[in-house]
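Taking it in order: structure first as structure tokens, then the write-up.
Taken together, the values in this text are just the output of simple stated rules run on the coordinates, not laboratory data. Bear in mind the structure is a predicted one, so any value in this text is a computation, not a measurement.
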């Protein structure tokens, strides 16, 4: 059964174009100023970049299936990134413009309950919403996962629009 663990949406912090704004090589900002969530302000441990790249290359079956379905922005209107560094953690999937994290939980998470709780609390402090989907659901019930993700995206977008920047 799909499981959803979400943080209650809090007011998103005001948008800033400070030192954390993404810049292109020419110095021009390339983040989306119409974004509902200020994803350019999310802290990142740069030491995890290589590990995230390795995880993207390796990928387990359920993550690969999920990615094949949701990597196309045209399907739901937002870019989804895979194996993204947020703080000292690497999340499975992230929609930056919505501050929405999707975690695919397999049996390896059974003995990581405390770690996952700490990680989810960190994400919640950043006003990110964490959605957990069971590995087995991705493998055996992809249609339901697809509908669940689309509903979650729609709901998160509506929630964020309640808090204009």
Given 0.36 nm per residue, what is the gain on full extension from residue 140 to residue 58 after removing their alpha carbon distance, in nm? 27.4 nm
Stretch residue 113-residue 79 to full length: gain in nm at 0.36 nm per residue minus the Cα-Cα span? 9.4 nm
Label region 39-161 by shape, choosing from rounded, prolate and oblate, from the square roots a ≥ b ≥ c of the eigenvalues of the Cα gyration tensor; if a/c is under 1.5 it is rounded, and otherwise prolate applies when a/b is larger than b/c, oblate when it is not. rounded
